[in-house]
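Chemist: Below is one structure. I have some questions about it.
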Amino acid sequence: MIDVTLNTGAAMPQLGFGVWQVPDEDATTAVAAALDAGYRSIDTARVYENETGTGRALRESGIARSELFVTTKLWNSDQGFDEALRAFDASLDRLGLEYVDLYLIHWPVPEQDKYVESWKAMERLHAEGRAKAIGVSNFSEKTLGRLLSEADVVPAVNQIELHPRLAQKRMRGLDAEHGIRTEAWSPLGQGKDLLQEPVLAEIGAAHGKSPAQVVLRWHLQSGNVVIPKSVTPARIKENIDVFDFELSEDEVRRVDGLDTGARLGPDPDQMN
Ligand code: NAD
């Protein structure tokens with residue numbers, strides 16, 4: 001497993017496990033399988049309604065807290081200074097943890113215009129050491145620019161939709177300019193038709209790897225943090241078995257060629 005260094009100085013595993021759409025009652029089994037397979041970073045959110053099941057797996061694993069990297073997120077309806085502080089306490093309670101490694105604003109929701117206020121609360125949580133790092137998700141050039149002009153703490157991470165069909169070259173460049181690490185959500189394109197692209201199978205065959213593993217390798221070699229999701233034990237293992245091969249420069253370029261700019265999720269500047 002490879003770590004990246006955040007602008008706080010903390011190490012974050014470059015590959016983690018996402019639990020969107022995993023029901024709370026299944027989250028404990030899925031997260032336990034991921035920890036067993038060697039994942040140490042888990043990405044949840046208040047709106048996924050599985051912080052309780054996720055936290056249970058973390059505690060029952062017996063793995064030292066310092067070895068784990070736990071991310072959760074502030075939901076849109078909890079934005080605002082006091083609301084964010086309360087929502088954070090509730091998330092920590094459900095997780096059964098004393099701190100999280102990363103707390104993210106899930107969506108900027110420009111229309112409600114509360115993300116700067118919310119960020120001020122996150123800065124307090126960071127100063128208190130209860131959120132070791134704070135960051136954002138789904139921030140664009142516009143919303144990130146505004147946040148940076150009002151922030152005391154530069155976000156450690158911007159978690160955005162990012163996969164070969166939506167390579168986000170410009171946003172990744174902007175994040176990097178500010179020392180913000182780009183984290184890819186839906187890194188496998190949600191397992192939909194992206195994984196059927198013949199070029200991924202061809203490259204995979206040359207390495208004895210699957211299309212999903214080729215995509216994850218493309219992310220790692222592009223410098224992205226990735227958090228693939230699966231509830232299938234064999235796929236959970238497959239998705240972390242990507243540290244024993246490397247794509248050539250030509251293979252990276254061929255995967256780069258899949259970029260059409262097509263989103264699976266909403267445009268973050270429009271999402272309310
Ligand atoms: P993903 O790109 O990780 O795809 C997951 C799906 O791909 C699985 O449900 C499965 O159908 C398929 N899959 C997984 N492994 C496979 C394999 N080895 N071979 C073939 N198919 C495979 O999609 P995701 O869950 O949307 O994104 C990952 C994580 O990102 C989420 O769980 C969540 O933690 C995070 N996320 C964040 C946001 C945000 O707004 N911040 C939005 C979406 C997702």
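Chemist: Once label points are set 7 Å from the Cα along Cα→Cβ at both Glu150 and Asp3, what is their separation, rounded to one decimal in nm?
Modeler: Inter-label distance under the simple model: 3.4 nm.
Chemist: Still on this structure, please answer the following. If each residue of separation counts as 0.36 nm, what is the full-extension length gain between Phe245 and Thr232 once their alpha-carbon separation is subtracted?
Modeler: 2.4 nm
Chemist: Any idea how far apart His178 and Ala10 come out in nm if each label point goes 7 Å out from Cα toward Cβ?
Modeler: A separation of 1.8 nm, rounded to one decimal place.
Chemist: Kindly state, to the nearest 0.05, the FRET efficiency for Asp93 paired with Gln221, given R0 = 41 Å and r defined as their beta-carbon distance.
Modeler: Efficiency at R0 = 41 Å is approximately 0.60.
Chemist: Next question, about the same structure. If the reach is capped at under 16 angstrom between alpha carbons, list the aspartates and glutamates near Lys120, excluding any in the same chain fewer than eight residues apart.
Modeler: Asp78, Asp82, Glu83, Asp89, Glu128, Glu150, Asp152
Chemist: Next question, about the same structure. Taking 0.36 nm per intervening residue step and subtracting the Cα-Cα distance, what contour gain separates Val252 from Gln112 on full extension?
Modeler: Result: 46.4 nm gained on full extension.
Chemist: Once a ≥ b ≥ c are taken as the square roots of the eigenvalues of the Cα gyration tensor of the chain, is the result rounded (a/c under 1.5), prolate (a/b larger than b/c) or oblate (a/b not larger than b/c)?
Modeler: Oblate is the answer for the chain, as a/c is 1.5 or above yet b/c matches or exceeds a/b.
Chemist: What order, most packed first, do the peptides 111-118, 162-169 have when packing is the mean number of other Cβ atoms within 10 Å of each residue?
Modeler: By packing density, highest mean first, the sequence is 162-169, 111-118.
Chemist: Here is a follow-up. Mind checking which lysines have their Cα closer than 29 Å to the Cα of Lys192? Skip sequence neighbours fewer than 8 apart in that chain.
Modeler: Once the sequence-local lysines are set aside, what remains near Lys192 is Lys73, Lys169, Lys209, Lys229, Lys237.
Chemist: Among Pro110, Pro198, Pro187, whose mean-square fluctuation peaks in a Gaussian network model of the chain (Cα, cutoff 10 Å)?
Modeler: Answer for the Gaussian network model of the chain: Pro198.
Chemist: Would you work out which of Leu35, Phe69, Val47 lies farthest towards the positive end of the dipole of the stretch 29-89? Charges go on Cβ: Lys and Arg +1, Asp and Glu -1.
Modeler: Leu35
Chemist: Report the net charge of residues surrounding Ala37, where surrounding means a beta-carbon distance below 11 angstrom and charges are Lys +1, Arg +1, Asp -1, Glu -1.
Modeler: Once positives and negatives cancel, what remains is 0.
Chemist: Measuring from label point to label point, each 7 Å out along Cα→Cβ, what is the Trp20 to Asp36 span in nm?
Modeler: Each label point lies 7 Å from its Cα, and together they span 2.6 nm.
Laboratory data are not the source of any read-out in this text; all were calculated from the coordinates shown. The structure displayed is predicted, hence computed values, not measured ones. Please note: Cβ atoms are built from the backbone with ideal geometry, for glycine as well, and neighbour counts cover all protein chains shown.
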